[in-house]
Amino acid sequence: MGNGLFITGTDTGVGKTFVTCGLAAVLSESGYRVGVMKPAETGCDGGDGKLVPQDALALKAAAGCELSLEKICPYQFREPLAPRVAAEREGRRIDIERLMDIYREISAAHDITFVEGAGGLMVPLVPSYTYADFASVLKLPVIVIAANKLGVVNHLLLTLEHASCKGLRVLGYVLNRLEPAASLAAESNREALLSLTAVPCLGELSYAGVAAGATAAVGAALDSKFLAALLPRR
């Protein structure tokens, strides 16, 4: 698979950071040097004028890496908006070449590097340039995180369609249950998707594991063959 992987979602708030942290922790605990990167994080207002990139902090802790937060998350913005919009409102501009250089630096120093996007593939970093473009240029295979609820079939298939249009290789998707109440949709989505796409479901995460913040639940829920294939060769 190479040593880089891009984690995207069908929307914002679907559990990308949680799953990425779980994957990073599994590999780190197996003795691999795990790099992580969040190219841009918005909604970083920590109060008292401080920027606190919570996703980047979680990724750093899960990977157990010594990278600085500024390296893991080069662009941090106060308002919870798409990176391009947040940057424009602060009079700043995201430098794509800088992001690529940082990714290559992190990747070169680690056995595997997880890059977490913001929202979905079509979220813009700069005008006319999305996370899908970023992943495509770096030739990063993709995992899609999808909220396991009513509507996910449409959202996931649209995401997979766009990934195909961009020439991205999608390794699979993860269904992540975010609601405590059982629903017929959550119970039937996986089976419904089997007849609609050849992209494999890598696993389903239960609400209990997610609510408890137990990233170990990721390793337990994902397909064992996929996790084995993910392990970098030494």
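The values are calculated or read from the model by the stated rules, or taken from the named source; none is laboratory data. If you're wondering where the values come from, they're calculated on a predicted model, not measured in any experiment. Glycine gets a Cβ as well: all are built from the backbone with ideal geometry, and neighbour counts include every protein chain shown. In case anyone asks, the SASA skips ligands and DNA or RNA and just uses the protein heavy atoms, side chains included. Shrake-Rupley method; radii C 1.70, N 1.55, O 1.52, S 1.80 Å.
Odds and ends about this structure:
- Test: residue in region 94-108 that is under 21 Å from GLY43 (Cα atoms), modelled with pLDDT of 95 or more, surrounded by fewer than 18 Cβ atoms within 10 Å (Cβ to Cβ) and of a type in the set (A, V, I, L, M): yes
- When GLY49 is tested against the conditions (1) modelled with pLDDT under 95; (2) assigned to a helix (DSSP H, G or I); (3) farther than 19 Å from LEU171 by Cα, the lone failure is (2).
- When ALA192 is tested against (1) over 22 Å from MET122 (Cβ atoms); (2) modelled with pLDDT under 95, only condition (2) is not met.
- The residues listed here are ALA58, ALA82; of these, the one that is out of contact with any strand residue (DSSP E or B) (no Cβ under 8 Å at 6 or more places or on another chain), of a type in the set (A, V, I, L, M) and either open to solvent by less than 60 Å² (accessible area, probe 1.4 Å) or farther than 29 Å from LEU158 by Cβ (or both) is ALA58.
- For the condition surrounded by fewer than 20 Cβ atoms within 10 Å (Cβ to Cβ) and within 17 Å of LEU99 (Cα to Cα), LYS50 does not qualify.
- Looking only at region 175-199, and only at residues there that are hydrophobic (A, V, I, L, M, F, W, C) and under 11 Å from VAL152 (Cα atoms), the one that is surrounded by the fewest Cβ atoms within 10 Å (Cβ to Cβ): ALA192
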